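This report concerns only the one structure given below.
The values are calculated or read from the model by the stated rules, or taken from the named source; none is laboratory data. Note that the structure is predicted; figures quoted are calculated from it, not measured. Reconstructed Cβ throughout: ideal geometry from the backbone, glycine too, with neighbour counts over all protein chains shown. In case anyone asks, the SASA skips ligands and DNA or RNA and just uses the protein heavy atoms, side chains included. Shrake-Rupley method; radii C 1.70, N 1.55, O 1.52, S 1.80 Å.
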Amino acid sequence: MTTTIQSSTLAVPPPKAIPSHVAIIMDGNGRWANQRFLPRVAGHSKGVDTVKTIVQECASYGIKYLTLFAFSTENWRRPSHEVTFLMRLFFKVLKLQVSLIHKNNVKLVIVGDLSAFPEPIRKNAAQAQQLTENNTGLVLTIAANYGGRWDILNAMRLAYENNPDILPENMTEEWLSPYLSMSYAPEPDLFIRTGGEQRVSNFLIWQLAYTEMYYTPIFWPDFDQQAFADALTWYRFRERRFGQTGHQLLESQIVKNA
Ligand code: IPE
Ligand code: IPE
Ligand code: MG
C-alpha cells in the first residue's frame, strides 16, 4: 500500500470544512443492551446496523477515510463468551457484507495483529481486502486486535529490520511513520467516541496527535445520521491551530483568499 506523507507535527495541514478522515471508537454497546435488560452481546449485534449507516453517511459526505475501532488489544480481558461472540460476529459481518461493500466501491482495510485470530477469520479478512483493494471510493479501515502501542512497537521493529545499521540520530518521524499500520491514510481530522467515556483507550495514539476529539454520550447502537451530522457541525467550527496562534491562522487565510 502506498504511503501518504502527511504529518501534523512536521507541516501544518490545509484547513477543511469536511474531514478527510474520521476515526471512531464505537462504544456503549453493552450499556445500550443493559438498559433494555438484554445481554450485552445484543448491543454488539445492533451496533452493526450503525456501522452500515455511518459507512453510507461518510460516502455521501465525500469523506475519504473512515476508521472504526472494533476490538482492542485489551478487549481479550473480557469474559470468554463475549470475546467468542465478537469473533463470530466479525466473521459473519465480513462474510455477509463484503459483496455490499464491494458494490458500493468501498475499499476495506483491516489493521491490527490478526495473527491472534482464528484461521477462518484471517482467511475471510484476506479475501475481503483482496476483493476490494482496487475500489476507489471510501477507504473503510477496521481496527481489530489493534492497540496504539502495538502499532508503534510493530513499526519500530519493521523499520529496524529494514535498516538495522541506522544511527539513532537518523531515527526520525519520516523514518518510522511509513511502517505504521495506517501509513496509507492521512491522520484523522475528527475523532468520535460514543458512549460517554472521554478517553482514547489505546486507539491510534500516534495518529491522533492533532485530531479534533468529539465525545458524545449517545451509545453506539443509537448513533444515527443526525448524531453524525452534529459531530461534523461541531468539527466545522473548530479552530485548528497546530501550535500556531489564532492570529497567524487568520493571516494565512487572508493571504490565501487575496
Ligand atoms: C464497544 O462497546 C464494543 C467493543 C468494545 C467491542 P462496549 O462493549 O465496550 O460497551 P460498554 O462500554 O460496555 O457499554
Ligand atoms: C474501546 O472501548 C475499544 C473498542 C471500542 C473496540 P472499550 O469499551 O474497550 O474501552 P474502555 O475499556 O472503556 O477504555
Ligand atoms: Mg466500552
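Expressed as a whole percent, the accessible area of the chain that falls on carbon and sulfur atoms is 54 (1.4 Å probe).
Dipole of the chain computed with +1 at Lys/Arg Cβ and -1 at Asp/Glu Cβ about the Cα centre; of Val22, Thr194, Ser99, farthest Cα towards the positive end is Ser99. The residues of the stretch 45-98 present an accessible area of 52 Å² per residue when probed at 1.4 Å with all protein chains retained. The residues of the stretch 192-258 expose, per residue, 58 Å² of accessible area to a 1.4 Å probe. Charges were assigned to the Cβ only: +1 to each Lys and Arg, -1 to each Asp and Glu. The resulting dipole of the stretch 21-257 about its Cα centre is roughly 920 debye.
Using alpha carbon centroids, what distance separates the stretch 142-179 and the stretch 1-80, in Å? So the two Cα centres are separated by 24 Å. Based on the Stokes-Einstein relation at 10 °C and a viscosity of 1.306 mPa s, and on the Kirkwood radius from alpha carbon pairs, the stretch 109-153 is assigned a translational diffusion coefficient of 138 µm²/s.
Here the label points at Leu131 and Ile205, each 7 Å from Cα along the C-beta direction, are separated by 3.5 nm in the simple model.
Every helix of 4 or more DSSP H residues in the chain counts as -39500 (n - 2.57), and over all residues that averages to -13500 deg cm²/dmol at 222 nm.
Evaluating kT/(6 pi eta Rh) at 25 °C and 0.890 mPa s, with the Kirkwood radius of the stretch 1-149 over Cα pairs in the Stokes-Einstein relation, gives 148 µm² s⁻¹. Compactness of the stretch 61-103 is given as radius of gyration and Dmax, 13.5, 39 Å, from Cα positions. With the charge dipole of the stretch 21-257 set up from +1 on Lys and Arg Cβ and -1 on Asp and Glu Cβ about the Cα centre, the Cα lying farthest toward the positive end among the listed residues Ser80, Gly147, Ala33 is that of Ala33.
Placing pseudo-labels 7 Å out from each Cα toward the beta carbon at Ala116 and Gln225 gives an inter-label distance of 3.8 nm. Over the stretch 107-156, accessible surface divided per residue gives 43 Å², non-protein components excluded, 1.4 Å probe. As a length-normalised measure over Cα pairs under 8 Å and 6 or more apart, the relative contact order of the chain settles at 30 percent. Beyond 30 Å, what percent of the Cα pairs of the chain remain? Distances greater than 30 Å cover 30 percent of the Cα pairs.
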